[in-house]
1. For the stretch 156-171, does any single residue satisfy the condition of being β-branched (Val, Ile, Thr), modelled with pLDDT under 80 and assigned to a helix (DSSP H, G or I)?
2. Looking only at the stretch 11-56, which residues are among the polar types (S, T, N, Q), at pLDDT 70 or above and not in a helix (DSSP H, G or I)?
3. Based on what the data block shows, is Gly258 crowded, with 18+ Cβ neighbours inside 10 Å and either outside the structural domain of Gln69 (by TED's automatic domain parsing) or not in a loop (DSSP other than H, G, I, E, B) (or both)?
4. Can you find a residue in the stretch 484-496 that is outside any helix (DSSP H, G or I), charged (D, E, K, R), in the same structural domain as Gly430 (by TED's automatic domain parsing) and at pLDDT 80 or above?
5. Within the stretch 358-370, which residues are free of Cβ contacts under 8 Å to residues at least 24 places away in the same chain and under 18 Å from Leu174 (Cα atoms)?
6. Which helices (runs of 4 or more DSSP H) does the stretch 274-357 wholly contain that include 1 or more residues that are closer than 21 Å to Ser134 by Cβ and of a type in the set (A, V, I, L, M)?
7. Testing Gln367 on (1) among the polar types (S, T, N, Q); (2) assigned to a helix (DSSP H, G or I); (3) surrounded by 21 or more Cβ atoms within 10 Å (Cβ to Cβ), one condition comes back false. Which one is that?
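The values are calculated or read from the model by the stated rules, or taken from the named source; none is laboratory data. Source: prediction; values computed, not measured. Glycine gets a Cβ as well: all are built from the backbone with ideal geometry, and neighbour counts include every protein chain shown.
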Amino acid sequence: MPEVQVAAEPAVPYLRELLTFLLSAVVVVPASRLLRISPIIGFLGLGVLVGPSVLGIATNASNVDALAQLGVVFLLFTIGLDLSLDRLWRARRYVFGMGLLQVLGCGAVIGGIAYAWGNPADASALLGLSMALSSTAVVMQLLVERGHISSRSGRVSFAILLFQDLAVVPLLFLVGVLGSKGGGAHVLGFVLALGKSVGAVLIIFLLGRLLMRPLFRAVAGLRSPEVFMALTLLAVLGMAVVTQEAGLSMALGAFLAGLLLGESEFRHQIDADIQPFKGLLLGLFFISVGMRIDLSLIVDSWFLVAAAMLGLYMIKSMVITGLALAWRMPLGQALQTGLYLGQSGEFAFVVVGAAVAAGVLQPSASQFMLVVTALSMVMTPFASLGGERLARWMARRSSVSHIGAAPEEFADLEDHVVIAGFGRVGQTVGRMLTSQKTPYVALDLNSESLAGLYRQGMPVFFGDARRPAVLEKVGIDRAGSLVITLDDPAGVREVLQVARSRWPALRIFVRARDMDDARELMRDGHCEAVPEMVESSLQLGAEVLRSRGTPEEAIVPLVDGFRDQMYRTIRPRDEPSS
């Protein structure tokens with residue numbers, strides 16, 4: 001009887017690497033939170049551990065790279081999502097001023113050192129410019145975790161990082177031009193490539209603007225979370241593929257998709273849906289980076305590696321600190337910004353890898369710089385923490401108190417939120433705004449509590465919000481909204497009267513004591529009032545229902561229904577309900 005052969009099931013591509021990564025994510029993220037370190041450091045360390053230098057569990061780094069590049073794609077998408085063309089234009093002074101000078105200045109110094117060590121001129125230029133790029137993933141996570149994204153140093157850091165992200169695409173073009181053997185035609189080739197890329201970007205952007213929003217509106221009308229998620233992934237990956245087919249990078253396409261959707265009404269829902277994908281895939285990216293770190297190189301040349309890493313961090317920190325001082329930032333905040341951005345970043349791996357593939361860089365130089373870059377990223381949480389403590393110490397020692405903040409502190413702010421009163425309610429509002437990367441400035445008259453919060457990097461200042469001059473100083477004429485959280489009813493009405501009389505178009509949100517107080521405030525001040533009694537009673541009722549086993553999917557609509565009903569009773573009759 002002939003032997004029956006059972007066909008073997010086809011192997012799932014990248015399965016071993018994928019399982020290794022998922023297992024590591026389950027271990028690394030909780031362990032990082034327990035140790036109070038950035039998960040990025042954990043992923044880098046784990047990559048070294050499972051890579052060929054140590055355990056050799058995941059030996060094929062190219063397989064991991066194929067998945068890890070999606071992390072960069074999703075990172076650029078969320079950067080574009082957090083940005084709008086209007087917001088980019090408002091921050092142009094920092095983005096295209098300080099950001100451009102930082103990349104050129106750091107690139108010139110680092111490139112000059114590389115050339116002095118015997119590297120060719122073109123390789124030195126690429127090394128300098130790629131090492132000038134900082135880590136968006138590391139720095140943004142640290143800024144959000146520590147609540148500094150709304151501080152001036154946080155805003156300046158974000159602006160510089162944004163220009164660096166925009167600079168990746170021209171750098172990749174430069175790699176391609178230098179990799180071609182065109183000799184004296186380098187400049188012409190770069191100009192032609194840049195012209196073609198600009199044309200392709202404009203066409204893709206215009207087509208995306210015509211098609212993307214109507215498509216999302218149609219799908220949102222279906223009220224299907226699954227279809228909405230599928231469309232989001234299609235927008236990210238589809239735009240990335242389109243730009244890749246046009247000869248550009250996938251990351252640029254993802255950035256354009258985020259930029260288009262960042263101006264739409266779907267931005268917050270898309271951001272919430274995409275965060276798990278971005279976090280996991282970025283973790284995979286850093287694992288792939290760790291896998292490529294050659295521990296034998298560190299052991300054999302530990303002094304040279306350490307000197308290069310410390311030198312890189314010092315050069316970048318000093319250049320950025322000098323630029324921040326030139327932009328009239330206080331010394332403490334300037335040093336803090338420099339120490340936040342002193343590392344090299346994830347896009348250095350992308351540019352250096354492309355340069356090796358194009359034959360511009362030697363693999364040995366690439367491996368050395370990869371190790372230096374990875375170690376500088378590991379160093380960032382500790383260096384930035386030192387910068388924060390230094391800034392606090394200088395703020396305490398400074399003869400200029402935070403009570404008298406200079407006008408330059410708020411010169412770059414537009415469409416921000418002004419919070420009048422920074423007690424428990426105001427601080428909660430501030431934390432919520434920080435979680436969504438929304439800038440704010442808070443005013444209060446409790447100088448003792450404000451001093452500690454200011455030294456922590458929070459944008460809080462001593463000032464009486466009842467005085468128009470104080471509100472003008474924090475840029476109320478450029479603000480998007482005013483939130484009044486004072487616990488003094490008379491003070492609330494005074495601030496409301498001043499703001500409404502001087503800035504009638506300003507959106508104002510007010511903390512009210514009860515239903516009657518909210519009704520009067522909304523009628524007299526033409527504002528949105530939130531009565532404490534309503535929200536506390538709703539939360540209390542929800543907790544009672546949870547304790548009795550009521551499912552969450554029943555509690556949420558019930559609470560929302562009661563909230564709508566209560567707010568309809570206090571809203572003026574001539575104002576439509578929201």
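1. yes
2. Correct list: Ser53 only.
3. Against the criterion (crowded, with 18+ Cβ neighbours inside 10 Å and either outside the structural domain of Gln69 (by TED's automatic domain parsing) or not in a loop (DSSP other than H, G, I, E, B) (or both)), Gly258 qualifies.
4. yes
5. Correct list: Ser366 only.
6. 302-326, 331-340, 346-357
7. That leaves (3) as the condition not met.
So that you can scan it fast, the table gives a plain yes or no per residue for (1) over 30 Å from Phe368 (Cβ atoms); (2) modelled with pLDDT of 85 or more; (3) in contact with a strand residue (DSSP E or B) (Cβ under 6 Å, 6 or more places away or on another chain):
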| residue | (1), (2), (3) |
| --- | --- |
| Leu248 | no, no, no |
| Leu259 | yes, no, no |
| Leu281 | no, no, no |
| Phe286 | no, no, no |
| Leu297 | no, no, no |
| Val305 | no, yes, no |
| Gly332 | yes, no, no |
